[in-house]
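Undergrad: This is the structure I want to talk about, given as structure tokens.
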Amino acid sequence: MKSVVLRMAWRNLWRHGRRTWLTVGAMIFSNSLLVFSISLQFGSYDMMIDNSLQTFSGHIQLQHPSYLDQPKMRYTLADIVANAQKLRDELALESISARASGFALASSNKRSHGIQLLGVDAKHEPLVSTFPGLVNEGRYLGPGAQEEIVIGSILARNLKVGIGDELSFLGSGLDESFAAGVVTVVGIFESGIPDLDRAMAQINLGYFQDSFAMQRAGHSIVIRAAHIDDVDGLMARISAGIDDPSRIVPRDWNELQPGLRQAIQADMTSAWFMYIVLIVLVAFSVLNTQLMSVLERTREFGTMMALGLKPIHLARLVMLETGMMTALGLLLGITLGALITAYLSVVGFSYPGMEEMAVKFNLPDRMYPAISPLSLTLGPVIVALGSLLAAIYPALRLNRLQPIEAMRAV
Amino acid sequence: MAAHRLHFSVLLTLSWRNLWRNHRRTGIMLGAIAVGVWAMIFMTALMRGMVDDMLNEGIHNLPGHIQIQHPDFLDDPSVANSIAEPAGEFEALLQRIESKRWATRIRVPAVIASERETRGINLVGIEPAAEADVSGLPELLSAGRFLESRKDSGIIIGAKLAERLETRLGKRVVVMSQDPDNNIRERGFRIVGIYRAKLPGLEEFNVYAARDTLQQLLRIEGRVSQIIVVGEDYRDIEPLYRQVRQQAPADLQVRAWYEIDTYLATMFNMMDGFVLVWVIIIFLALSFGLVNTLVMAIFERVREIGLIQALGMRPALILYQILMESTLLLLIGLGLGNGLALATIKPLESGLDISVVAEGMAMMGASSMLYPKLTSSDLLLANSVVILLGVLTSILPAWRAAKLDPVRALNST
């Protein structure tokens, strides 16, 4: 019995081959478009998050509770190097680094500029941030070395200094005393982010603590997780290990860079608006096709009812037909979409003007869509659900069918 | 001629009636077209609104449509790269420009210190009287007063910076910068005004003082960093740009906004492309249903088409009739879609609050209020794509109908 119904549905579908293909065509078009753009979205979001966080802020930072809103010298964490080491042991994670940060006026013998001066742990910093790798002239700080500084490329140009030149910095220390020092430029980094290249410099943490009268304190312990999905687990473990939450709190990347997730949300919302419109249009197509196919078979259905079939059986038949059509659209759409996306994920994808956009969002100037089971199926499955939903109305109409009248219909 | 007119009106009546023979199918297709057209126009208006806002904000912050400065200034915004205040013929030209909106500025990196904190800032020396014309600064003032003259001794800082410095209106701050000979110059200023920027990052960064006061402080009497020119509309500054470039002294660099901020230029240029791609995608999704509807309508009428052909109707007229049917369908759908779009955009004109993603929008350079912007060119684009491509895709099914063999058609079941 079952195979009879299946065969009937399949044959019904091809009574109007062109109509069926046009409807399936709409599905294939929408599905492959959805597969491609959802894969592209996932790919670029991942990259945007990774690139933004890897450059500087890390996934999690431990800070004084007030430091996030007011990054001021006096909101410190005590014994920061020892605490960072303790955390490394507890979490069995090497990519944890301590930092201190302050404002200073950097002067060469020609120019002066206000800069953000960072004291870093030269041994562990390369594990949490891509900055050390961005030094494209000279070298990064040597561990423990005094009186060495690494500065941004625009800053170097504006101060008119090069490798081996001396700089002096002047700021105010934790105890409001003068913090001053003379350092030699050992490296110049170019991150491509103008704000950082213009106003950031790094020196060794120990030297920073001495110069700014900080003793053993610092401002943040930066943690880079192996993967973004590990962040929640790490947050829970770190929070559990904190004795005094009034002195130290963990901040995850959402708190450190709130713009990032919101930019993604905004983009996601507008993208889903477009997807939903596509899905609705496909649903209209299915509704039209199935309603037509039900109406033109009124006589036939009347006869079938006269032979003893109940409206529910006929409704099931119509839904089965829709299901087959949808499955066809789903399979072909995913296949086509996957092929296009796979090709572009290898050769990359770009459009005119993307370079300028990319810089703004820390993206490379070619995008590579990320194919995953989710990105392949998410869109098409919703299209399929929408199509099945659209077929309910034509199927329900069958309930109103009176066999005698139906058999007389033209 | 009369025959033609007769043909036309008969064809029109035929098409109209054919359209409503299957009112459910026509209704569903109209629904699909209306939703598609609505989505085209609605989404485009939102995107336009956002990009427009970004461009206006961005250009206000540069500021100006055209900037004239020392060739090295953009790369190294130091006091050493200053230029003389405009004089002679060049000044006369600036006075003559249509918009009358131009101003000089000083812009140098500086350090600001309150009793408690020190920060690096961008110190801007402005001509208060002209400032309203080139940037929207006076409107952004949230407390205190604006600078009153070019010699005003007060300073205006952002609300966020005041918070960071733990200072407030009426308090004194010390500003430090360099003169062209690399001597550190400093001076105390009283905070006379606090402003709030639409993009919070700027509030911490830009600090405004009177131009002549800064000239004196930095020892650059008679010199400025930039000349800012604002035309009538940023979309159309080429004539002004050419004029200014010709008249400006040869050793100065003249730059239009799209050359200074390539991100803004990209957004501006890509917008039309985005709109076109969006409209085409929606149209393609619609086209399957449109062709489907026509194919069905023709399939049901094969015998009838055979009959009217047998009665002497020429194939060309059958083609016309079916195209007319599809045109009518498209026109009604367009009417509904446009109406729906107008009806949904109108209530949003006072602004759509998207402050839940404010910081994300700031990352893109847009503010947290979205004002949809309906332009006639976008409306025209959406409508003409639907009607032109719609009729084009109808040609194939219509042509197949016209090609039917009357004898076979009459005998088909």
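Derivation of every value follows stated rules applied to the coordinates shown; laboratory data play no part. It should be emphasised that the depicted structure is a prediction, and the values quoted were computed from it without experimental measurement. Note that each Cβ is placed from the backbone with ideal geometry, even for glycine, and that neighbours are counted across all protein chains shown.
Undergrad: Put +1 on the Cβ of each Lys and Arg and -1 on the Cβ of each Asp and Glu in the stretch B:64-260; which of B:ILE191, B:ALA84, B:VAL244 then has its Cα farthest toward the positive end of the dipole?
TA: It is B:ILE191.
Undergrad: Averaging sequence separations of C-alpha pairs under 8 Å and six or more residues apart, then dividing by the length of the stretch B:64-260, give the relative contact order as a whole percent. Don't skip to the end; give the middle numbers.
TA: Details: 429 pairs, mean separation 68.2, N = 197.
Relative contact order here is 35 percent.
Undergrad: Sort B:ILE395, B:ILE322, B:ILE282 so the one with the fewest other Cβ atoms within 10 Å of its own Cβ comes first.
TA: Working: B:ILE395 13, B:ILE322 27, B:ILE282 24.
Listing B:ILE395, B:ILE322, B:ILE282 from fewest to most nearby Cβ atoms yields B:ILE395, B:ILE282, B:ILE322.
Undergrad: Measuring from the lowest to the highest alpha carbon on each principal axis, how far does the stretch B:64-260 reach, largest first, in angstroms?
TA: For the stretch B:64-260, the Cα extents along the three principal axes come out at 49, 36, 27 Å.
Undergrad: Where does the charge balance sit around B:ALA341 when Lys and Arg score +1, Asp and Glu -1, over other residues with C-beta under 14 Å from its C-beta? Provide the component values of the computation, followed by the final result.
TA: Numbers: positive: B:ARG48, B:LYS346, B:LYS373; negative: B:GLU349, B:ASP378.
Residues near B:ALA341 contribute +1 overall.
Undergrad: Projecting each Cα onto the charge dipole of the protein assembly as shown (Lys/Arg +1, Asp/Glu -1 at the beta carbon, about the Cα centre), which of A:HIS313, A:GLN202, A:LEU127 comes out farthest on the positive side?
TA: Checked the options; the winner is A:HIS313.
Undergrad: If each of B:ALA250 and A:GLU176 carries a label point 7 Å out from its Cα toward its Cβ, how far apart are those two points in nm?
TA: For the pair B:ALA250/A:GLU176, the computed spacing is 5.9 nm.
Undergrad: Using only Cα atoms, what is the ratio of the radius of gyration of chain B to 2.2 N^0.38 Å? Let's see the in-between values first.
TA: Details: Rg = 31.6 Å, N = 413, 2.2 N^0.38 = 21.7 Å.
After normalising by residue count via 2.2 N^0.38 Å, the value is 1.46.
Undergrad: Hey, another quick one. Just to be sure I understand the curve: with the Debye formula and one point per C-alpha of the protein assembly as shown, what is log10 I(q)/I(0) at q = 0.05, 0.10 Å⁻¹?
TA: For the requested q values the scattering log ratios are -0.40, -1.09.
Undergrad: Then there's this: Sticking with the crude label model, points 7 Å out along Cα→Cβ, report the distance from B:LYS403 to A:ASP210 in nm, one decimal please.
TA: Modelled inter-label distance: 9.0 nm.
Undergrad: Here's something else I'd like to know. Once both axes come from the Cα atoms, what is the angle between helix B:376-402 and the longest principal axis of chain B, in degrees from 0 to 90, rounded to 10?
TA: 20 degrees
Undergrad: If you filter the stretch B:231-306 for trypsin sites (Lys or Arg not before Pro), then keep DSSP loop positions with at most 15 other Cβ within 10 Å, what is left?
TA: Details: sites: B:ARG235, B:ARG242, B:ARG245, B:ARG255, B:ARG301, B:ARG303; in loops: B:ARG235, B:ARG301.
Filter output for the stretch B:231-306: B:ARG235.
Undergrad: Another question about this same structure. List the GluC sites (Glu not before Pro) within the stretch B:186-225 that fall in a DSSP loop (any state other than H, G, I, E or B) and whose Cβ has at most 10 other Cβ atoms within 10 Å. Could the numbers behind the result be given before it?
TA: Values: sites: B:GLU186, B:GLU203, B:GLU204, B:GLU221; in loops: B:GLU204, B:GLU221.
Of the GluC sites (Glu not before Pro), the ones in loops of the stretch B:186-225 whose Cβ has at most 10 other Cβ atoms within 10 Å are B:GLU221.
Undergrad: Order of B:ASP261, A:ASP232 from fewest to most other C-beta atoms within 10 Å?
TA: Working: B:ASP261 20, A:ASP232 11.
Going from sparsest to densest Cβ surroundings: A:ASP232, B:ASP261.
Undergrad: What GluC sites (Glu not before Pro) does the stretch B:39-115 have in DSSP loop regions with at most 10 other beta carbons within 10 Å? The partial results should precede the final answer.
TA: Numbers: sites: B:GLU57, B:GLU89, B:GLU91, B:GLU98, B:GLU115; in loops: B:GLU98, B:GLU115.
Answer by residue number: B:GLU98.
Undergrad: For chain B, find the longest principal axis of its Cα atoms and tell me its angle to the long axis of helix B:315-345, 0 to 90°, nearest 10.
TA: Orientation of helix B:315-345: about 40 degrees from the principal axis.
Undergrad: Just from its helices, what would the mean residue ellipticity at 222 nm be for chain B, if runs of 4 or more DSSP H residues each count -39500 (n - 2.57) and the sum is divided by every residue, rounded to the nearest 500 deg cm²/dmol?
TA: On the way: 16 runs with 231 residues, N = 413.
For chain B, the value works out to -18000 deg cm²/dmol.
Undergrad: Looking at this model, which pairs from A:LYS72/B:LYS171; A:LYS160/B:LYS100; A:LYS72/A:LYS110 are more than 31 angstrom apart at the alpha-carbon? Walk me through the intermediate numbers first.
TA: Numbers: A:LYS72/B:LYS171 20 Å; A:LYS160/B:LYS100 39 Å; A:LYS72/A:LYS110 29 Å.
Beyond 31 Å between Cα atoms: A:LYS160/B:LYS100.
Undergrad: A further question on this structure: Counting only DSSP beta bridges with both residues in the stretch A:80-213, tell me the antiparallel percent, nearest 5.
TA: Working: 25 of 35 bridges.
Rounded to the nearest five, the antiparallel share is 70 percent.
Undergrad: Right, here's the next one. Only helices at least 30 Å long along their axis, Cα-based, and averaging 0.0 or more on Kyte-Doolittle count here, so list those DSSP H runs from chain A.
TA: Helices meeting the criterion: A:17-52, A:258-295, A:311-347, A:373-397.
Undergrad: Looking only at B:LEU137, B:LEU330, B:LEU389, which one moves most when chain B is put into a Gaussian network model with springs between Cα atoms under 10 Å?
TA: Largest GNM mean-square fluctuation: B:LEU389.
Undergrad: Follow-up question, since we're still on this one. Where does the Debye-calculated log10 I(q)/I(0) of the stretch A:316-410 sit at q = 0.10 Å⁻¹, using only Cα point scatterers of equal weight, no solvent?
TA: Ignoring solvent entirely, the Cα scatterers give -0.50.
Undergrad: B:ALA87 versus B:GLU304, label points 7 Å from Cα toward the beta carbon: distance in nm?
TA: Here the modelled spin labels are 8.7 nm apart.
Undergrad: Let me know the shape class of the stretch A:80-213, please: from the alpha-carbon gyration tensor, a ≥ b ≥ c as square roots of the eigenvalues, rounded when a/c is under 1.5, otherwise prolate if a/b is greater than b/c, or oblate.
TA: In terms of gyration-tensor shape, oblate.
Undergrad: Ok, one more. In whole angstrom, how far apart do the alpha carbon centroids of the stretch B:230-272 and the stretch A:4-62 sit?
TA: The stretch B:230-272 and the stretch A:4-62 have Cα centres spaced 41 Å from each other.
Undergrad: Pick out which of A:SER211, A:SER270, A:SER239 has the largest mean-square fluctuation in a Gaussian network model of chain A, springs linking Cα atoms closer than 10 Å.
TA: Judging by the Gaussian network model, the answer is A:SER270.
Undergrad: Report, in whole Å, the centroid distance computed from the Cα atoms of the stretch B:286-331 and the stretch A:337-371.
TA: 44 Å
Undergrad: Hey, which lysines would be in cross-link range of A:LYS86, C-alpha to C-alpha under 17 Å, not counting anything within fewer than 8 residues on its own chain?
TA: Qualifying lysines at Cα under 17 Å: A:LYS123.
Undergrad: Right, something else. Counting partner chain Cβ atoms within 10 Å of every residue's Cβ in B:354-367, what's the average?
TA: Details: counts 4, 1, 4, 11, 4, 8, 10, 5, 4, 13, 8, 1, 1, 0.
Taking the mean over all residues of the peptide, I get 5.
Undergrad: With a cut-off of 8 Å between alpha carbons and a minimum separation of six or more residues, what is the relative contact order of chain A in percent?
TA: On the way: 722 pairs, mean separation 107.7, N = 410.
After rounding, I find 26 percent.
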